[in-house]
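Written below as structure tokens is the structure these notes are about.
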Amino acid sequence: MPLTVPTWPDLLGSAEHTAVHLEMRDSYAVDYEKGPFADWRAGHRHEPADRASWWRPWLDLIAATVARGVVVRRARIVSEPVSEYTRFLYDGTFTNVAAGEEVRWLPRRQASALTLPGNDFWLIDGRLIRWNHFSGDGASAGGEMSDDPAAAKLCADAFATVWEHAVPHDRYEIR
């Protein structure tokens with residue numbers, strides 16, 4: 001029987017030790033006409049000192065998760081030169097870091113020999129997976145939950161290997 005996909009607060013709220021996220025796409029649901037990506041393309045940049053202008057519910061959730069003692073890590077495998085969307089993500093990643101996430105970047109060329117799952121995922125405490133499915137244009141195609149031990153091990157091993165090879169956000173130079 002398939003597991004129900006919990007809300008983000010419930011999923012991250014269930015984490016006791018770790019919540020890790022692996023992202024492997026070069027763009028996600030880009031709206032070139034409106035929204036944060038369009039604003040960024042028009043020249044808007046978050047001002048780090050003006051936290052009220054960029055802090056949002058997602059960052060509250062991450063900060064609360066970290067405050068409970070959960071280590072939250074995000075690794076991004078990116079093509080270089082990076083896509084315009086990846087540059088947008090990079091410019092805003094300081095907000096994730098401010099909320100308490102640890103973030104690293106791995107150039108895709110350095111991931112060629114790594115064993116990776118077929119989809120982006122969140123792995124909670126090394127045992128519960130939230131697969132993130134996307135359509136070809138990057139739109140969300142929904143999440144799927146799994147507690148399959150073999151899949152969880154694949155995700156844990158893949159994330160650990162990516163993390164070991166990836167560059168911390170504050171040292172990654174976008175190309």
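The values are calculated or read from the model by the stated rules, or taken from the named source; none is laboratory data. Just so we're clear, the structure is a prediction, and the values are computed from it rather than from any experiment. For neighbour counting, all protein chains shown are included, and Cβ atoms are generated from backbone atoms with ideal geometry for every residue, glycine included.
Looking at 80, 101 in this structure, which one is over 14 Å from residue 20 (Cβ atoms), touching a Lys or Arg at 6+ places or on another chain (Cβ under 6 Å) and of a type in the set (Asp, Glu)?
80
For segment 122-138, give me each residue that is modelled with pLDDT under 95 and either part of a strand (DSSP E or B) or touching a strand residue (DSSP E or B) at 6+ places or on another chain (Cβ under 8 Å) (or both).
Of the residues in segment 122-138, the ones modelled with pLDDT under 95 are 134-138.
Correct list: 134, 135.
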Scanning segment 87-113 for residues that are part of a loop (DSSP other than H, G, I, E, B) and farther than 12 Å from residue 62 by Cβ gives 112, 113
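Considering every residue within segment 158-169, establish whether at least one is closer than 21 Å to residue 72 by Cα, of a type in the set (Val, Ile, Thr), part of a helix (DSSP H, G or I) and touching a residue at least 12 places away in the same chain (Cβ under 8 Å). Please lay out each step first, then the result.
Pass one, segment 158-169, residues closer than 21 Å to residue 72 by Cα: 158-169.
Okay, now just the ones that are also of a type in the set (Val, Ile, Thr), so 161-162, 167.
Subset that is part of a helix (DSSP H, G or I): 161-162.
Going one step further and asking which of them are touching a residue at least 12 places away in the same chain (Cβ under 8 Å), we end up with 161-162.
Scanning segment 158-169, I find at least one residue that is closer than 21 Å to residue 72 by Cα, of a type in the set (Val, Ile, Thr), part of a helix (DSSP H, G or I) and touching a residue at least 12 places away in the same chain (Cβ under 8 Å), so the answer is yes.
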Considering each residue of segment 1-23, count those that are surrounded by fewer than 13 Cβ atoms within 10 Å (Cβ to Cβ), in a loop (DSSP other than H, G, I, E, B) and over 17 Å from the mean Cα position of the chain (by Cα), and give that number.
5
Cβ-Cβ below 8 Å, separation at least six or inter-chain, first residue in segment 66-90 and surrounded by 13 or more Cβ atoms within 10 Å (Cβ to Cβ), second in a strand (DSSP E or B) and polar (S, T, N, Q): which pairs?
70/18; 71/18; 72/18; 73/18
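Which one is surrounded by the fewest Cβ atoms within 10 Å (Cβ to Cβ) among residues in segment 95-143 that are of a type in the set (Phe, Trp, Tyr) and in contact (Cβ under 8 Å) with a residue 60 or more places away in the chain? Give the steps one after another, and end with the answer.
So in segment 95-143, the residues of a type in the set (Phe, Trp, Tyr) come out as 105, 121-122, 131, 134.
Narrowing the set further to residues that are in contact (Cβ under 8 Å) with a residue 60 or more places away in the chain leaves 105, 121-122, 134.
On the way: 105: 25, 121: 24, 122: 23, 134: 16.
Top of the filtered list is 134.
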Being free of Cβ contacts under 8 Å to residues at least 12 places away in the same chain, more than 26 Å from residue 164 (Cβ to Cβ) and in contact with a helix residue (DSSP H, G or I) (Cβ under 7 Å, 6 or more places away or on another chain) is the requirement here; does residue 39 meet it?
no
Please verify whether segment 114-121 includes one or more residues that are over 21 Å from residue 18 (Cα atoms), touching an Asp or Glu at 6+ places or on another chain (Cβ under 8 Å) and in a strand (DSSP E or B).
no
Among the residues of segment 64-86, are any under 12 Å from the mean Cα position of the chain (by Cα), farther than 22 Å from residue 40 by Cα, part of a helix (DSSP H, G or I) and not polar (S, T, N, Q)?
no
For residues in segment 146-162 being surrounded by fewer than 17 Cβ atoms within 10 Å (Cβ to Cβ) and not small (Gly, Ala, Ser), which is nearest to residue 13 (Cα to Cα)?
147
Here is a check on your reading of the model: is residue 31 exposed (fewer than 14 other Cβ atoms within 10 Å of the Cβ), at pLDDT 90 or above and among the charged types (D, E, K, R)?
no
